[in-house]
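Accompanying notes for the structure given below.
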Amino acid sequence: MNLHGDAIPEGLSRRARSFVASHGVRADVTPLEPYRERWLALGIPGEVVDRAVAYQERWGGLVLPPAPVYECGPRYLYADVPEPAHGGGWWFTGGEPRAAVAFSFMVGPNGEFGLWGDVWAPLYASVEGWVESLALTHHASRWAKQVTRLHGDEAEALSLDGFEPVEEVQGIVDTWWRGPDSLVALHNGEAECYTGRARRVALVYAGLDEWGLHGQ
């Protein structure tokens, strides 16, 4: 059953809310509140437990269409036991991978949604940014006259003169850009995880009209 009303997390753009309502479903996941005392006894700070419990209540079990990168992204969102993050603070698993991959989807110490491989690559400033990116991918794919995928050096050399950042995706390592008739998604997560430029991917959605560029 598709989502509607209170089942759609707040804080999303109208485009992302429509995307989640039309294409999202909820899988059953284990509530984390019963683990609170056990986790506190393990030395996990109370505010970190609060974050994981709140994430599970807000996002846990959300199933969304595949992403165009990162082996299609998480199969569904869920949290697990927090652990000390590399570089300080605490983080926890942010989603169940669709395939066996060499990286993990994590929620960082400040709420970032990203990848952990050889190093930490925070893709977006929040899980909302990840969902906004999926919604924008769906929108741009539908309205673009042409979609071009660039890899490695080609992606790195792509000129963004005349483009502006798409703010709602809250991009950090991954970013979206809006030009006169195109949207560009730069997916740098695996390159950051494994320091390999060949893993960089750029998707150029060209031939967009005003609705394609700005439709909400």
Would you work out the relative contact order for region 50-127, in percent, from Cα pairs under 8 angstrom that are 6 or more residues apart?
19 percent
To the nearest 20 Debye, how big is the dipole of the chain about its Cα centre, given +1 on the beta carbon of each Lys and Arg and -1 on that of each Asp and Glu?
520 debye
Over the chain, what is the relative contact order in percent, taking alpha-carbon pairs closer than 8 angstrom and at least six residues apart?
15 percent
For the chain, which whole-number percentage of the solvent-accessible area (1.4 Å probe, protein heavy atoms only) is attributable to carbon and sulfur atoms?
51 percent
If you average the alpha carbon positions of region 173-216 and of region 103-117, how far apart do those two centres end up, in angstrom?
20 Å
Which shape class, rounded, prolate or oblate, goes with region 122-216 when its Cα gyration tensor gives a ≥ b ≥ c as root eigenvalues, a/c under 1.5 marks rounded, and past that a/b bigger than b/c marks prolate?
oblate
Would you mind counting up the charge near S18? Only other residues with Cβ under 15 Å from its Cβ, with Lys and Arg at +1 and Asp and Glu at -1.
0
Over region 1-114, what is the relative contact order in percent, taking alpha-carbon pairs closer than 8 angstrom and at least six residues apart?
18 percent
So how far apart, in nm, are the two label points at A102 and E210 if each is 7 Å from Cα heading toward Cβ?
4.7 nm
Where does the charge balance sit around S133 when Lys and Arg score +1, Asp and Glu -1, over other residues with C-beta under 14 Å from its C-beta?
-4
Which whole-number value in Å² is the accessible area per residue of the chain, probe 1.4 Å?
48 Å²
Compare the Cα positions of G95, Y35, S159 along the charge dipole of the chain (+1 at Cβ of Lys, Arg; -1 at Cβ of Asp, Glu; about the Cα centre) and return the one farthest towards the positive end.
G95
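The values are calculated or read from the model by the stated rules, or taken from the named source; none is laboratory data. What you see is a predicted model; the values in this text were computed from it and never measured. As a convention, Cβ positions derive from the backbone with ideal geometry for all residues, glycine included, and neighbour counts pool all protein chains shown. The protein model used for the area step is the full one, side chains on, heavy atoms only, and it has no ligands, DNA or RNA in it. Shrake-Rupley method; radii C 1.70, N 1.55, O 1.52, S 1.80 Å.
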